[in-house]
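*Asks:* Dropping the structure in here first, questions after.
Quick note: the coordinates plus some simple rules give every number you see, no bench work behind them. Just so it is clear, the model here is predicted, and its values are computed rather than measured. Positions of Cβ are backbone-derived with ideal geometry, glycine not excepted, and every protein chain shown enters the neighbour counts.
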Amino acid sequence: MISQVIDSNVSAACLSPVITSIDKELTYLADFADVQAVILFRLDGKVIKSQYRSEASQNLLIIIKWVKNIISKTMEELQAGSQSIKYDKEIKEKEAIPVYFFCAGKTSIVVTILTPIANTGLMEIEMSRNARRLGEIIDKKEPLGD
């Protein structure tokens, strides 16, 4: 997995345990074989952290660009009360990629891009748990124990 921090306005020393906890949660989800990428967004649409498979395909890059284009619309829907939103992004004829958006606390959204053949039932449970844990970390700004 490749992970990168893209935006941070607070000192790294202050947030290091928080970033470590966020990274741990994202890695847990990203390590599922059905997951292509996990992206954590702030409410203003900026990426906090992302993880994706190093063998990322052109299709994944297209989906990530599409996610960035619709993130503000999706945030409005999530803030209106939806816990999660699922889109099936069609890339090739008869092949759709499941893309899930979950609230991660009061200030963030976690987006998970799955493989076309993903076990979405199992993954929905894991994504929901992951989003809840990320929300706890972000809202409290303190790491969670194991």
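*Asks:* Based only on other Cβ atoms within 10 Å, what is the fewest-to-most ordering of 77, 124, 25?
*Replies:* Ascending number of Cβ neighbours within 10 Å: 77, 124, 25.
*Asks:* In nm, give the distance between the simple-model label positions of residue 96 and residue 129, each being 7 Å from the Cα along the Cα-to-Cβ direction.
*Replies:* It is 2.7 nm.
*Asks:* Right, next: Given axes a ≥ b ≥ c from the Cα gyration tensor, I'd like to know whether segment 27-140 is rounded (a/c under 1.5), prolate (a/b larger than b/c) or oblate.
*Replies:* Prolate, since a/c reaches 1.5 and a/b exceeds b/c.
*Asks:* Label residue 107 and residue 139 with points 7 Å out from Cα along Cα→Cβ: what is the distance between them in nm?
*Replies:* With each label point 7 Å from Cα toward Cβ, the separation is 1.3 nm.
*Asks:* Now a separate question. If I model a spin label at residue 61 and residue 43 as a point 7 Å from the Cα along the Cα→Cβ vector, what separation in nanometres do I get?
*Replies:* With each label point 7 Å from Cα toward Cβ, the separation is 3.4 nm.
*Asks:* How about residue 24: which lysines have a C-alpha closer than 22 Å to its C-alpha, ignoring those fewer than 8 places off in the same chain?
*Replies:* Answer for residue 24, where 22 Å is the Cα cut-off: 46, 49, 106, 140, 141, listed by chain and number.
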